[in-house]
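Some notes on the structure that comes next.
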Amino acid sequence: MKVKFIEVTNQNLNWGKFLLGRFDSEWEYESSVAPGTKLLAGRGWTPEHLLILDVQTGEGAVFSPGGSVTHDLNKHKIWVCPMYEPFLEWLYRQDLSDLDKLPAFLDLKDAPFEWSGYRRPGPKP
């Protein structure tokens, strides 16, 4: 997996620490239960999908950047730091073809300050 760490602040009020992961050699892994089936592709993942982990909370999900950030966060119900949503909003607008071209630090000056992280309620059953 190709990984990239990005730290994000909002004028040093909140501090988000994120790990982005893009599958590489893992694409070749074949299922042990369904031989001949590529495990990742067989689940619908594509090379555009990214694992985005909140290093502070230890939670994350696999996202397909470019959609609705709010919908994606509600769908996964992960516990996130205050900078996760503003970071995803920024990330979804970037060229993600080469993670190395993304900055290691980002100041999202207009992101709102929050006292603590939260878990999205997610969709109702």
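Since every read-out is calculated from the coordinates, none of them should be taken as a lab result. Remember, predicted model here, so these are calculated numbers, not experimental data. FYI the Cβ positions are ideal-geometry reconstructions off the backbone, even for glycines, and counts take in every protein chain you see.
Cα gyration tensor of segment 75-125, axes a ≥ b ≥ c as square roots of the eigenvalues: rounded (a/c below 1.5), prolate (a/b > b/c) or oblate? Working shown, then result.
Details: a/c = 2.74, a/b = 1.48, b/c = 1.85.
Oblate.
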- Label point distance in nm, Asn12-Glu30, each placed 7 Å from Cα along Cα→Cβ: 5.6 nm
- Query: So what is the relative contact order for the chain, in percent, with contacts set as C-alpha pairs under 8 Å and at least six apart?
  - Reply: 30 percent
- Query: List the aspartates and glutamates whose alpha-carbon lies under 18 Å from that of Lys75, not counting same-chain residues fewer than 8 positions away?
  - Reply: Asp54, Glu59, Glu85, Glu89
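Which value at 222 nm does the chain reach when only helices count, each DSSP H run of 4 or more adding -39,500 (n - 2.57), with the total divided by all residues and rounded to the nearest 500 deg cm²/dmol? Show your work: numbers first, answer last.
On the way: 3 runs with 20 residues, N = 125.
Helix-only estimate at 222 nm: -4000 deg cm²/dmol.
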- Query: How big is the gap, in Å, between the Cα center of segment 88-111 and the Cα center of segment 31-52?
  - Reply: 26 Å
- Query: Dipole size in debye (nearest 20) for the chain around its Cα centre, Lys and Arg Cβ +1, Asp and Glu Cβ -1?
  - Reply: 400 debye
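Would you mind putting 61-72, 15-26, 79-90, 105-116 in packing order, based on average other-beta-carbon counts within 10 Å, highest first?
On the way: 61-72: 14.8, 15-26: 16.6, 79-90: 21.0, 105-116: 12.2.
Result, highest mean first: 79-90, 15-26, 61-72, 105-116.
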- Message: Using +1 at the C-beta of Lys and Arg and -1 at the C-beta of Asp and Glu, which of Ser116, His49, Phe5 has the Cα lying farthest in the positive direction of the dipole of the chain?
- Response: Ser116
- Task: Extending each Cα 7 Å along its Cβ direction at Asp100 and Trp79, get the distance between those two points in nm, one decimal.
- Result: 3.6 nm
- Cα-projected label distance for Asp110 with Lys2, points at 7 Å along beta-carbon direction, nm: 3.0 nm
